[in-house]
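Worksheet: the structure to be examined is printed underneath.
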Amino acid sequence: MVIKSDSWGSRVGLILAMAGNAVGLGNFLRFPVQAVQNGGGAFIIPYLICFLVMGIPLLLIEWSSGRYGGKFGNHSTPYILDSMVKGRILKYIGVFGIFTNIAVAAYYCYIESWTMSYVYHSIIGTFKGMSQSDVAGFFNSYIDIGQSTTGIPYEAIVFYILCLLINTYILSKGLKGIEKVAKIGMPLLILFGVILAIKGLTLGTSGASEIFPDANAWDGLNFLWTPQYDSLLDLKVWMAAAGQIFFTLSVGMGTIHCYAAYLSEKDDIALNAVSAGFLNEFVEVVLGGLIVIPIAAGYLGLDWVIKNAGFGMAFQTMPFLFQQWGTVIAAVAGVFWFGLLFFAGITSSLAMGTPWMGFMRDEFKWSKNKGAWSFGAMALVLGLPTVIFFQEGVFDEYDYWAGTVSLVIFAMLETILFSWVFGMEKGWKEITSGADIKVPNIYKFIIKFITPLLLIVIFIGSLCKPKDNDWSGNLSRLFSGEGWLLDNGSIIKNIMHSGIKEQIAAATDPMIIGQLEDKIMYLNLARFLLLALFFFISILVYVAFNKRKKEGRATV
């Protein structure tokens, strides 16, 4: 048995760190938007079903896989999988578990840095007296590096580097540093969230104005929680719900494996996994659903929210709404809201550094300090293009390939390997070994059959996403012999830049054509950087394999 060089200080710290890994910006920014765009209450039903048949199984798979690999001294996905499934090629599936984290951290820390900046601007009163359009304009100025008028030269770059430095310093302290941040950050996040949620619950019609006389916070709550059963027949809603589970639980990334690898063989994983999962769901569904939508509906009306719901509401709308509460309370609310988002962000981004650090320590004997700062350096080099060329779409390209497609592929492959190659009997024994709760036997069937099937459907659905995201309509076309029309958002069309090429073909202004052609160039640059990172990590895994062979540690 290999003695672990790092360990968790307490069970509470582990659960909070795992929950912090899952609780991220998507809980407060993506979930409410997804709910609004997919029928409000109709979204909650498939969302909760997907949590039970896909989210919980993936948590159990990744916790048990990580603990199993940790028995053999492996703390990163390539060799965690290698310890479970013998085969030279299969260990390279684990490359996704390092690649995804570095690539996502590179742009995720940029959003995280926005929250730091907005805390600062809330304190100094930057948003005082601004209209909603002024606040939106402030955000647009912030992300436009060359035209920024926010008060600090190159402010976006300054806060981004500062954010990366904070993350890297904490990572250099190892699991103890991450655990300490989780123990402070998670309670503060929940406290701030509860305070803002209470405001959302009690706002009622007091925010109505002459422009929006019918504004009512309760309309937002009713919309979010009243099921519209006819929408349940729309596959688009189910695909959106399944996709949100990936984002909210941080499955398919490799971070859970690496956290669980530091557990001892007898430590419980079943109760830990379920506890972390349900804590994340509480934060997302209860707190995430009680802040942005009700407060926005309370001042701007539900119709405005449905029409304008988007990721940017948190930065382009919320500071304006806080100003309606008076200067002092607006500053406090701004600190609470953006502080909440910062803690949600940093507890997730810290987790993203652990797979790389674990891999380099296991295979090349790197120290925590060296591993952390090398991770920070890679994230900086990879991430600066997302800051500087944000307007050209580099940020979104990273998010699509690293933060969406990569997650689905890795989750699908690891589930098939766990259930069908490692074997469900061995897998179930690993899940239930040392468990402090009895895992329902139905999950043995779900993990082996239902979860892999759902993941395959999600992957194929992403690959062949129908035009206009109209699943029902395109299925009818397919069965009637009219064919399947691909959407420009499908993986196949995205690879070919079909959407941009259609815009070029339709444009007549040479300047617009030139801008679109430049955008394709920037997107190809983003893809090149991502591919280079993936191949770099693959080469390191190959070098590590040869090193293990020489040392007599290779399994194949």
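With angles folded into 0 to 90 degrees, how steeply does helix 41-50 sit against the dominant principal axis of the chain? Use alpha carbons for both and round to 10. Roughly 10 degrees, rounded to the nearest 10. Measuring with a 1.4 angstrom probe and ignoring ligands and nucleic acids, Thr149 comes out at about 110 Å² accessible. Phi angles of the stretch 134-147 translate, via the Karplus equation with coefficients 6.51, -1.76, 1.60 and θ = phi - 60°, into HN-Hα couplings of 5, 5, 4, x, 4, 5, 4, 5, 4, 7, 9, 3, x, 10 Hz per residue; Gly and Pro are given as x. A Cβ-based charge dipole, computed about the Cα centre of the chain with Lys and Arg at +1 and Asp and Glu at -1, lands at about 2420 debye. Of the accessible area of the stretch 56-158, with the probe set at 1.4 angstrom, what percent is carbon plus sulfur? C and S atoms contribute 62 percent here. Counting only the Cα atoms, the stretch 405-556 fills a convex hull of 192 Å³ per residue.
Largest first, the residues Leu48, Leu533 sort by 1.4 Å accessible area into Leu48, Leu533. From most to least packed by mean Cβ count within 10 Å, the peptides 481-487, 430-436 give 430-436, 481-487. Pairwise inverse Cα distances across the stretch 1-109, averaged and inverted, put the Kirkwood hydrodynamic radius at 16.5 Å.
Using just its DSSP H runs of length 4 or more, each adding -39500 (n - 2.57), the chain gives a mean residue ellipticity at 222 nm of -22000 deg cm²/dmol after division by all residues. Heavy-atom surface analysis with a 1.4 Å probe gives the stretch 372-420 a carbon and sulfur content of 75 percent of its accessible area. Note on the chain: the C-alpha convex hull projects to 25.9 nm² when averaged across all orientations. Amide H to amide H distances under 5 Å link Leu486 with Lys467, where only residues 5 or more positions off or on other chains count and H is placed in the peptide plane. Starting from the Cα-Cα distance between Glu502 and Phe479, subtract it from 0.36 nm times their residue separation and give me the gain in nm to one decimal. Extra length from Glu502 to Phe479 when fully extended: 5.5 nm. Taking all protein chains into account, the per residue accessible area for the stretch 261-376 stands at 29 Å² (1.4 Å probe). In a DSSP loop and with at most 14 other Cβ atoms within 10 Å, the trypsin sites (Lys or Arg not before Pro) in the stretch 83-113 are Lys86, Arg88. Overall dimensions of the stretch 193-332, expressed as equivalent-ellipsoid semi-axes from the Cα gyration tensor (√(5λ), whole Å, largest first), are 35, 20, 13. Computed over protein heavy atoms with a 1.4 angstrom probe, the accessible surface ordering of Lys128, Lys426, largest first, is Lys128, Lys426. Relative contact order, whole percent, for the stretch 430-556 stands at 12, derived from Cα pairs under 8 Å and 6 or more residues apart.
Once the convex hull of all Cα atoms in the stretch 107-190 is built, its volume per residue stands at 114 Å³.
Spacing of the modelled spin labels on Asn369 and Phe311, each 7 Å from Cα toward Cβ, amounts to 3.7 nm. Let me see the pair-distance distribution of the stretch 253-315: every alpha carbon pair, 5 Å bin width, integer percents in order. Per 5 Å bin, starting at 0, the Cα pair percentages come out as 4, 14, 17, 15, 10, 10, 10, 9, 7, 3, 1. Available extension along the chain between Ala377 and Leu233 is 47.1 nm, counting 0.36 nm per residue and deducting the alpha carbon span. Full extension of the chain between Ile123 and Asp518 gives 138.3 nm of extra length, using 0.36 nm per residue less the Cα-Cα distance. Computed with a 1.4 Å probe over protein heavy atoms only, the accessible surface of the stretch 116-200 comes to 44 Å² per residue. Residues Trp337, Trp218, sorted by accessible area with the largest first, give Trp218, Trp337 [1.4 Å probe; ligands and nucleic acids excluded]. Computed in the context of the full set of protein chains, the accessible area of the stretch 220-320 at 1.4 Å probe radius has 64% of its extent on carbon or sulfur.
Entry note, the chain: relative contact order of 28 percent, from Cα contacts under 8 Å with a spacing of 6+ residues. Computed over the stretch 222-273, the convex hull of the alpha-carbon atoms projects to a mean area of 5.5 nm².
Remark: relative contact order (the stretch 68-170) = 20 percent; criterion is Cα-Cα distance under 8 angstrom and separation of 6 or more residues. To the nearest 10, the accessible area of Leu232 is 40 Å² with a 1.4 Å probe.
The values are calculated or read from the model by the stated rules, or taken from the named source; none is laboratory data. Values in this document were obtained by computation on a predicted structure and should not be read as measured data. All Cβ positions, glycine included, derive from the backbone under ideal geometry; neighbour counts span all protein chains shown. All accessible areas refer to the heavy atoms of the entire protein, side chains included, with ligands and DNA or RNA removed. Shrake-Rupley method; radii C 1.70, N 1.55, O 1.52, S 1.80 Å.
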